[in-house]
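Worksheet for the structure shown next.
The values are calculated or read from the model by the stated rules, or taken from the named source; none is laboratory data. None of the values given here were measured: they were computed from a predicted structure. Methodologically, a virtual Cβ is constructed for each residue, glycine included, from the backbone with ideal geometry; neighbour enumeration extends over all protein chains shown. Just the protein is used for accessible areas: all its heavy atoms, side chains included, with ligands, DNA and RNA removed. Shrake-Rupley method; radii C 1.70, N 1.55, O 1.52, S 1.80 Å.
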Amino acid sequence: MRTRRSLQKALAAGILAVSLAGCSATSAGTDTKSSSSSPTAATAIPAQNGPGVTADSITVVDNYYFDATAPVDKAVFDAYNAAGGIAGRKLVRADQAQANVSATATQAEQDQAICLAYKQRKDRVFAVLNDVTGSVKLNSCLNEQGTVVQAWSGSVVDASMFQEAPFTVGPGALTNKRLATAWPALLKSTGFLQDTSKIAVVSDGVGDDDRIAASTFLPALEKAAGSTPQLFTYDTTSSDQKALQAQALSIVLKLKQAGIDRVVFFGSGSLGPIAITGAKQGLDARYAWPYSAIPAGNGVTPTMQAAVTGYAWSLTDFGVPAAAQQQLLASNPAAAKCLSILTRAHLDLAQNASTALRLCDALNLLKQAIEGSGSKYVNAQAFIAGVEKLGTFDSVTTFRSGFGPGRHDGALALRKSVYQPSCKCFRYTGPNLPISG
């Protein structure tokens, strides 16, 4: 499973191609108990259009655009424009900004380079779709210029995101705070915590995850389990592979010494090295993590996969087989409409469905929010007003999605995902499990 960090690294290879606007980036603050700093439907809508909006066009960027996905993007954009576009305007896809930066650049260096690249470009962008960075600073920077952002479907984002970046939303996103609050009870109700008192939490070191794990997730998990879990931090943000291996070994040896038999991985980083090292060291434990699968390869065996239970909310997660994805979406009219675009364009469903669904989801939300805002102007404030009026959103990437005043992460339900030896893959099982908050 690619996470916000690994996706970001995949985009950084000498030239970093991620589309985020240039401005004075604000610092990523801590989570707050109130969303009063976020705009709501009551926020005044300026009597002017936002950046990248003209009388007949809206310019957007798909952050998950590559040469291989170009035919899918063209087919989807052409279909939406043939159906009238958004608010009577044609959708124009712009390329991502190009920023010269080393592949080993720090997050702060990447932020600075991307902001500078967008500050220097002549064209303007109204919306960045499928944001893969999960960067509070960069999204805040975009929002300051009036550009809206839609987070990557299935992602865990910092709770501070929607306060610091108030024009950022995600129909398939979930904050670490909401995950921390709701997940423990779901782990208990699905039997993961049964017959054990030896539980550990491994937090991933990404963004604000460690603080939320300690302050919110650990107490809630202790209440659900009836015993006190141990907490470890595995800094998945490191690019030093030897250091990562050393961290994984140190944690696994401590887990084994403590007799831990349940490990809950909190955040968006990769569980792979812990599971691999655990198997090598004879750690007899079951794992839970907030994604649909732990992919094979790179030392991950079917035995290791069978020890992992996924708890996820994305139908377009990298671990979801195409056949299972289409089966889950069979009764979703919006998904059928989106996938029919691929059929008409003679594009392979198995190879391209996830890419198309993510883009359709983003464009559907953009269209419904803007056209439902009640404003004749297309700008960030109108978009947010429309989002908060939606209530339930008919997502094609998430089991259940919806919004409300001050809540801009849309995921409302998750499901268990377990390894199936027959297909050598993970499949969702059981009913939707509601996510509160």
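For segment 31-177, what proportion of DSSP beta bridges, expressed in % and rounded to the nearest 5, is antiparallel? So the antiparallel bridges amount to about 10 percent of the total.
On a per residue basis, segment 301-343 carries 38 Å² of accessible surface, using protein heavy atoms and a 1.4 Å probe.
Extending 7 Å from Cα along the Cβ direction at residue 189 and again at residue 249 yields two label points whose distance is 4.2 nm.
Stokes-Einstein diffusion for the chain, with the hydrodynamic radius set to the Kirkwood value over Cα pairs and evaluated at 10 °C in a medium of 1.306 mPa s, equals 72 µm²/s. Computed over the chain with a Gaussian network model linking Cα atoms closer than 10 Å, the most mobile of 146, 191, 391 is 191. The local environment of residue 432, defined by Cβ-Cβ distances under 13 Å, has a net charge of +3 under the rule Lys, Arg +1 and Asp, Glu -1.
Straight-line cross-link reach from residue 74 at under 24 Å between alpha-carbon atoms covers these lysines, not counting any fewer than eight positions away in the same chain: 90, 122, 337, 367. I'd like the distance separating the alpha-carbon centroids of segment 100-115 and segment 412-437, in whole Å. One Cα centre to the other: 36 Å. With R₀ set to 35 Å, the beta-carbon distance separating residue 68 from residue 303 gives a calculated FRET efficiency near 0.60. Accessible area per residue for segment 121-187, computed on protein heavy atoms with a 1.4 Å probe, is 19 Å². Taking the chain as a Gaussian network of alpha-carbon nodes connected by springs under 10 Å, the highest mean-square fluctuation of the residues 363, 315, 349 belongs to 349. For the pair residue 330 and residue 57, a Förster radius of 30 Å applied to the C-beta separation gives a FRET efficiency near 0.30, rounded to the nearest 0.05. Rolling a 1.4 angstrom probe over the protein heavy atoms with all chains in place gives segment 344-411 an accessible area of 34 Å² per residue. Charged neighbours of residue 56, selected by a Cβ distance under 12 Å, balance to +2 (K, R count +1; D, E count -1).
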